[in-house]
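Data first, discussion second: the structure below is written as structure tokens.
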Number of protein chains: 2
Amino acid sequence: MKENSLLSDLAAHLFSNSSGNGRTPSERELAEHFGVSRGQIREALAILEAMRIVERRAKSGIYLTTTEASVEAMALFARAGVPLDPILIYETVELRKIHEIKAAELACDRATEENYQHLRDILAASEAKLAAGEGLAREDRDFHLEIVRATKNSVFHRVCSVYYVMGEHRLPIYFADPARSRRSHEEHIRIYEALLARDGNLAQALMSAHLQGAESYWKGLIGGPATAAE
Amino acid sequence: MKENSLLSDLAAHLFSNSSGNGRTPSERELAEHFGVSRGQIREALAILEAMRIVERRAKSGIYLTTTEASVEAMALFARAGVPLDPILIYETVELRKIHEIKAAELACDRATEENYQHLRDILAASEAKLAAGEGLAREDRDFHLEIVRATKNSVFHRVCSVYYVMGEHRLPIYFADPARSRRSHEEHIRIYEALLARDGNLAQALMSAHLQGAESYWKGLIGGPATAAE
DNA sequence: CTTCGAATCTGGTCAAGCCAGATTATTGCA
DNA sequence: TGCAATAATCTGGCTTGACCAGATTCGAAG
């Protein structure tokens, strides 16, 4: 959709065309290689530098940062349309479990009427989508993020948002199956009820079971964390 | 240190000089306002757009994205030297507790000899720093991140790295107190021993207590989550 | 083989300009 | 007066060319 092909192409090119010391081709060379002006290259490099993928040293050159790519980088790449390594998806699901189970617990203590209203709205929208035979990708994201929002921890919400940005291209596939969508929706309803009852233990358990579904799905798809087979 | 003043200045300027529809001044106006060329402005805008703070519509204008700032934005701002809202620090500490307690548990199952060796190296470096009367900011970060790394979940590690980037300017203050540094170091040792013994429950408990110290510190400093004073 | 200075390279920055669609102002008709 | 068609203007996207000054490199002198 909103792809920035130069950004990802450039990143790929830098990784494969850097010297032993991590120095990459010069801006001028890159510009020529990609058939664009230096300005375009500089703009992309500015982003890459902000992501800490690259370091620009004045009058010296551009160097790859040895640090592994940051979350920001992952998110930005995802937003630029760069596909995510399957193993990262699995890891992301594991993290989601950690985050969202805890979020469900905290939400039981901190959720306000506004949160509950939003959740009801989202569930109603889900119902409508299901009736229309459409996927629930957006509603699923909204539901889960609303629970995180109910923790009243904005950083928590921001962090979790990243997952959904990264999974933006894959969620629709997950929800393409009507039966899965229906089951997911019903689990959401039960989670909502637990939250409303402010039953922390139940909410955690339900959320855990709910996310287990996603985990098994991805595990089955990519062969687990240690045996990632195409 | 690595400040990009134009980036933060520009962001601030955009927020206060946008029309009702979120449209900001044009690139040419911004260039003139900041006394730089359009190229500089475009580079900064590219980053702001990558952070989803701004949207550039061809032949139309630059518009503020209504979405609240993303984690990437927070991290990038932090890296650019923009101070963090105190309330966000408190929220970050809460999140750290969620993450790192779980990380300690997982690390007990998954840590390899390499992780243990790194932890030992870090503890030794801490000892040296303490003897030299220096702060432990870097070693503290390394210790905690190594435990996260031991979970063998790279996304987990990336997410947690963001916290330390955001707290980069404040950690040195925390560790300026020798007594606090010493106590922190000793807690690290005990956590390491629990990890080595692969005692998940103990590791969790120790990590929880350890982070409680940081939480109280920040809570005392900013007056808690709901009563942020000054 | 080392040393030191000059030619070259590099990122940082600026200026001026063209393009074509979006936007806005203006004109002219009903 | 009201509105629609038209022209002038504005805007981001992108390119070319140039200058600076420190980093780097390379070759000549010792």
Open item on the list: Cβ contacts < 6 Å: first residue in the same structural domain as A:Ile62 (by the TED database), restricted to segment A:19-36; second residue within 11 Å of DNA strand D (Cβ to nearest atom) and not in a loop (DSSP other than H, G, I, E, B), any location; separation 6+ or different chain. Result?
Closed with: A:Gly22/A:Tyr63; A:Arg23/A:Gly61; A:Arg23/A:Tyr63; A:Glu27/A:Arg38; A:Glu27/A:Ile41; A:Leu30/A:Ile41; A:Ala31/A:Arg38; A:Ala31/A:Ile41
- [ ] Report whether or not A:Asn153 is at pLDDT below 95 and of a type in the set (S, T, N, Q).
- [x] yes
Open item on the list: Quick check on A:Leu6: is it at pLDDT below 95, assigned to a helix (DSSP H, G or I) and within 18 Å of B:Ala44 (Cα to Cα)?
Closed with: yes
TODO: Determine whether A:Val155 is touching a residue at least 24 places away in the same chain (Cβ under 8 Å) and within 12 Å of chain B (Cβ to nearest Cβ).
DONE: no
Task: Residues of segment A:9-37 satisfying the condition of being modelled with pLDDT under 95 and closer than 21 Å to B:Arg42 by Cβ - done: A:Asp9, A:Leu10, A:Ala11, A:Leu14
Open item on the list: When the residues of segment B:86-107 are narrowed to those that are within 10 Å of B:Trp218 (Cα to Cα) and among the aliphatic types (A, V, I, L, M), which ends up surrounded by the fewest Cβ atoms within 10 Å (Cβ to Cβ)?
Closed with: B:Ile87
- [ ] State all residues of segment A:167-189 that are within 14 Å of another protein chain (Cβ to nearest Cβ) and buried (at least 22 other Cβ atoms within 10 Å of the Cβ); if no residue qualifies, say none.
- [x] A:Gly167
Open item on the list: Out of the residues in segment A:48-60 meeting the condition of being within 20 Å of A:Ala73 (Cβ to Cβ) and more than 10 Å from every other protein chain (Cβ to nearest Cβ), tell me which one is nearest to DNA strand C (Cβ to nearest atom).
Closed with: A:Arg56
Task: Of residues in segment B:22-42 being within 9 Å of DNA strand C (Cβ to nearest atom) and part of a loop (DSSP other than H, G, I, E, B), the one surrounded by the fewest Cβ atoms within 10 Å (Cβ to Cβ) - done: B:Gly35
TODO: Have a look at A:Arg141, A:Arg198 and point out the one that is of a type in the set (Lys, Arg) and loosely packed, with under 15 Cβ neighbours inside 10 Å.
DONE: A:Arg198
- [ ] For residues that are within 13 Å of DNA strand D (Cβ to nearest atom) and under 23 Å from B:Arg158 (Cα atoms), tally how many sit in segment A:18-45.
- [x] 2
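Within segment A:12-24, can one find any residue that is within 14 Å of chain B (Cβ to nearest Cβ) and among the aliphatic types (A, V, I, L, M)? If you could, list the steps in order and put the result at the bottom.
From segment A:12-24, those within 14 Å of chain B (Cβ to nearest Cβ) are none; that's our starting set.
Checking segment A:12-24: not a single residue is within 14 Å of chain B (Cβ to nearest Cβ) and among the aliphatic types (A, V, I, L, M).
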- [ ] Select from segment A:108-137 the residues that are free of Cβ contacts under 8 Å to residues at least 12 places away in the same chain and over 17 Å from A:Glu187 (Cβ atoms) and write down the one among them that is surrounded by the most Cβ atoms within 10 Å (Cβ to Cβ).
- [x] A:Glu134
- [ ] Restricting attention to segment B:33-47, report how many residues are closer than 17 Å to B:Ala58 by Cα and either out of contact with any strand residue (DSSP E or B) (no Cβ under 8 Å at 6 or more places or on another chain) or within 7 Å of chain A (Cβ to nearest Cβ) (or both).
- [x] 8
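The values are calculated or read from the model by the stated rules, or taken from the named source; none is laboratory data. Just so you know, these numbers come straight off a predicted model, no measurement behind them. No Cβ is skipped: glycine too gets one built from the backbone with ideal geometry, and neighbour counts run over all protein chains shown.
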